[in-house]
Amino acid sequence: MSDLKCPICGENLIYHRIDDGESKVIIRKEPDGTFSSEEIGSDSNGSTRVYCSADESHEIPIDLWDEVVLIAEDFGY
């Protein structure tokens, strides 16, 4: 594991996730009066960025980028 710093200037890295999704769900009233649901479609259009907290133009190598994403996802982000 690396020290998770910008390789250019040594500042911290920022994980930035934008998620925009949609779900289509049918809600039914059953004969016994209860309700049920069935997802009939979903779509996700998101993006993830990893960048230097001091200068977003600093290039982050893909292996470091992947490591930051995995750690952030382990934290539930």
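Here, each number is a calculation from the coordinates, and none is a lab measurement. What you see is a predicted model; the values in this text were computed from it and never measured. As a convention, Cβ positions derive from the backbone with ideal geometry for all residues, glycine included, and neighbour counts pool all protein chains shown.
Numerical summary
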{"item": "Entry for Cα Rg over 2.2 N^0.38 Å (calculated from the structure that is shown) out of [x] 1.75; [y] 1.12; [z] 1.31", "result": "[x]"}
{"item": "Burial ordering of 25, 69, 50, fewest other beta-carbon atoms within 10 Å first", "result": "25, 69, 50"}
{"item": "Computed helical MRE - 222 nm, the chain, DSSP H runs ≥ 4 contributing -39500 (n - 2.57), nearest 500", "result": "-5500 deg cm²/dmol"}
{"item": "Helix 62-74 axis, angle to the chain major axis (alpha carbon atoms, nearest 10°)", "result": "50"}
{"item": "Residue among 27, 14, 60 with the largest mean-square fluctuation in a Gaussian network model of the chain, springs linking Cα atoms under 10 Å", "result": "27"}
{"item": "Relative contact order, percent, region 1-56 [alpha-carbon distance under 8 Å, six or more residues apart]", "result": "42"}
{"item": "DSSP-assigned coil residues among GluC sites (Glu not before Pro) in the chain, each with at most 14 further Cβ atoms within 10 Å", "result": "11, 56, 59"}
{"item": "Region 5-22 - phi-based ³J(HN,Hα) in whole Hz, Karplus 6.51/-1.76/1.60, Gly and Pro as x", "result": "10, 4, x, 8, 10, x, 7, 5, 9, 10, 9, 10, 10, 10, 10, 9, x, 9"}
{"item": "Dipole of the chain, positive direction: furthest Cα of 68, 13, 35, with charges on the beta-carbon", "result": "35"}
{"item": "Gaussian network model of the chain, Cα within-10 Å springs - most flexible of 32, 66, 20", "result": "32"}
